[in-house]
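First comes the structure, then the notes that go with it.
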Amino acid sequence: MKDIFFILPRKDFAIERARNFLKEKGYPQVPMPVKKHLKEYSTLYKYEDDEEEGFCVKETTGEYKVYVNTNIMEGRNTWTYAHELAHIVLGHHDDFPYNDLDDETLELLDQEVDIFVSEYLMPQYAFENYFFLKGRSAYLDSPHIGALKSFFNVSWEAMIFRLHNLGYQDKSISEYYISTYNERKQTFSRYTGFSYT
């Protein structure tokens, strides 16, 4: 076991590791083949539970076993598969004594994983190549965000945070557009006589 002294989460490390992983995989098209990538590093098992979404175990043989809950919704399950993959790729099971970690350290490791997963599932190159969002702000209303969410196969929350972190649209603006979309659509229809169908 290595002695590691640093402040978690290691944001730059997680981003760099995700980008290197994508490069090693030949910059795959999205949505990411998460299960395929996960199966290259581990054996995948499914189970049912009301609380835990998934977890990863490293056996004494060095083999990884990943358990994913079948009760989680689409989009969120993609994140869970990628989350467990990130623990492996980031070397968490090699660098940290998981059974001895306190809840605060585990939470910090999960934050590091979330940085990796965001970069991995929604790589910047995909926004630039497929949607021509080369580092500039954009007006993305609820249907646009929904289309991106579906394209990347992630949850609304994940997409909102990624758009924010890439500087395309502030999180509060996306949340406003989504929460007021139906009301704004009805108001527009009343004033114009035009109806969305």
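The values are calculated or read from the model by the stated rules, or taken from the named source; none is laboratory data. Because the structure is predicted, anything quoted here is derived from the model rather than measured. No Cβ is skipped: glycine too gets one built from the backbone with ideal geometry, and neighbour counts run over all protein chains shown.
Among the candidates 23, 65, single out the residue that is part of a helix (DSSP H, G or I), without any contact (Cβ under 8 Å) to a residue 24 or more places away in the chain and more than 15 Å from the chain's Cα centre (by Cα). Can you show your working first?
On the way: 65 fails: part of a helix (DSSP H, G or I).
Within the list 23, 65, the selection yields 23.
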Residue satisfying condition, being closer than 21 Å to residue 155 by Cβ, in contact with a helix residue (DSSP H, G or I) (Cβ under 7 Å, 6 or more places away or on another chain) and among the hydrophobic types (A, V, I, L, M, F, W, C), within set 126, 86: 86
It is to be established whether one or more residues within the stretch 123-132 are assigned to a helix (DSSP H, G or I), free of Cβ contacts under 8 Å to residues at least 24 places away in the same chain, within 30 Å of residue 180 (Cα to Cα) and of a type in the set (Phe, Trp, Tyr). yes
Can you tell which of 55, 151 is modelled with pLDDT of 90 or more, surrounded by fewer than 21 Cβ atoms within 10 Å (Cβ to Cβ) and assigned to a helix (DSSP H, G or I)? 151
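Answer yes or no as to whether residue 42 is over 24 Å from residue 11 (Cβ atoms) and surrounded by 13 or more Cβ atoms within 10 Å (Cβ to Cβ). If you could, list the steps in order and put the result at the bottom.
Working: over 24 Å from residue 11 (Cβ atoms): yes; surrounded by 13 or more Cβ atoms within 10 Å (Cβ to Cβ): yes.
So residue 42 passes the test.
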Given (1) over 23 Å from residue 16 (Cβ atoms); (2) touching a Gly at 6+ places or on another chain (Cβ under 9 Å); (3) at pLDDT 90 or above; (4) of a type in the set (D, E, K, R), residue 84 misses just (1)
Would you confirm whether any residue within the stretch 93-112 is at pLDDT 85 or above, under 18 Å from residue 149 (Cβ atoms) and not in a loop (DSSP other than H, G, I, E, B)? no
Conditions (1) out of contact with any strand residue (DSSP E or B) (no Cβ under 9 Å at 6 or more places or on another chain); (2) aliphatic (A, V, I, L, M); (3) without any contact (Cβ under 8 Å) to a residue 24 or more places away in the chain -> residue 89 fails only (3)
Being of a type in the set (Val, Ile, Thr) and touching a strand residue (DSSP E or B) at 6+ places or on another chain (Cβ under 8 Å) is the filter here; which residues of the stretch 20-65 pass it? 43, 57
Which condition number does residue 60 fail, the rest of (1) surrounded by fewer than 17 Cβ atoms within 10 Å (Cβ to Cβ); (2) not in a loop (DSSP other than H, G, I, E, B) being met? (2)
